[in-house]
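Let me begin by presenting the structure, written as structure tokens, before commenting on it.
The numbers here are math on the coordinates, done by the rules we state, and not lab data. The model shown is predicted, which means the values in this text are computed figures rather than measured ones. Here the Cβ positions follow ideal geometry from the backbone for every residue, glycine too, while neighbour counts run over all protein chains shown.
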């Protein structure tokens, strides 16, 4: 036996892999892992083909294709009244998770503290641990998942190097308000804390609410990385394409790591995305597109024994099952998959000390037929 000293001794297979594997084994409707089961726009696929035929098949520039960075800066600056420069403040990445990992690896040293709001996307904490950082968790609770900024203030110390926020929030489907961002801006004033804002669902927000990007708030933008995902936005999660934006001094450090991590991302896809983004309707239409799916799903299960607060963003809906059983969420999610043939994600696995609020996360980025079949099952439980 090799004597291996693991840097992540407590990390096992992610719950997404576990539940998707269980769904496949039991031939269950898979509303667990967050991916659409419908195709992306054929125009985008055709653009990638065109790019390959035009010869965009070798390395892209390390920070990404200039034309793509320019249109991202234009889009961001228009939407959020910001002033990012495409040359020095925008980098194309191989998905948002790669951007998040690179940000953490560029700045976190042994002993640094990183504030994380839980439930949290499961890549944050292992990345911090790899570089010797210490996660300072702040637990949010169902059903509202609101942040107590006074509690946050008590967690900030001289060792706090970074704070990670996520809005719209996975897995809860909630969003941070303008008032939240103003309080955060005040809290971080006169500190050197770096803010990592995971905004991969920025274009999936409902009920005419507005996405409160940190780019809108100068006191936050000056210290922040924003990560974004083309995979989430354009139904192409398997392409693993994203980007991040940040002030020049922060981005300079990011690129030092990025060039030795992936060097660059997929060149023909970058070219295609640069063309596709020239039509704003390709992303401005997403709120109504996904709200129709959310509303369809909830209308179909309104007479079930599950209760819920409609998601404000993302393509995830939490369902409270306390009227059905007192089982733990992991056990109930497994039983639903095996006995009822429908797969979800138990939220406790993302919580501090596996706090169990007895809610499950269901992905509604599915065809209407899939949602109807899923709802039929849920109404029988």
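Brief remarks on what is shown
- Cα centroid separation, the range 1-26 to the range 71-88 (Å): 39 Å
- For the listed peptides 214-226, 177-189, a ranking on the average number of other beta carbons within 10 Å per residue, highest first, reads 214-226, 177-189.
- The mean sequence separation of alpha-carbon pairs under 8 Å and at least six residues apart, normalised by the residue count of the range 295-363, gives a relative contact order of 31 percent.
- Shape of the range 176-238, Cα gyration tensor, a/c cut at 1.5: oblate
- Beta bridges per DSSP with both ends in the range 59-282, % antiparallel, nearest 5: 30 percent
- Taking 7 Å steps out from each Cα toward its Cβ at residue 353 and residue 78 produces label points 4.9 nm apart.
- Sorting the segments 102-113, 48-59 by their mean number of nearby beta carbons within 10 angstrom, highest to lowest, gives 102-113, 48-59.
- Over the range 59-282, relative contact order from alpha-carbon pairs under 8 Å, at least 6 apart, %: 29 percent
- Here the gap between residue 292 and residue 309, fully extended at 0.36 nm per residue and compared with their Cα-Cα distance, gives a gain of 4.5 nm.
- Share antiparallel - DSSP beta bridges, the chain, percent rounded to 5: 45 percent
- Inter-part distance, the range 32-47 to the range 319-359, computed on C-alpha centroids, equals 28 Å.
- Comparing Cα centroids, the range 140-204 and the range 265-283 end up 30 angstrom apart.
- Added length on full extension, which subtracts the Cα-Cα distance from 0.36 nm per residue, residue 179 to residue 66: 37.2 nm
- Label positions at residue 58 and residue 85, each projected 7 Å from the Cα along the C-beta direction, are separated by 2.8 nm.
- Taking a ≥ b ≥ c as the square roots of the Cα gyration tensor eigenvalues, the range 52-124 comes out prolate, since a/c reaches at least 1.5 and a/b is larger than b/c.
- Whether the range 42-180 is rounded, prolate or oblate, judged on the alpha carbon gyration tensor where a/c under 1.5 counts as rounded: prolate
- When peptides 351-357, 307-313, 91-97 are sorted by average Cβ neighbour count within 10 Å, with the highest value leading, the order is 91-97, 307-313, 351-357.
- The C-alpha radius of gyration of the chain, expressed as a fraction of 2.2 N^0.38 Å, stands at 0.98.
- Dividing the helix sum by the residues of the chain, where each DSSP H run of 4 or more adds -39500 (n - 2.57), gives a mean residue ellipticity at 222 nm of -11000 deg cm²/dmol.
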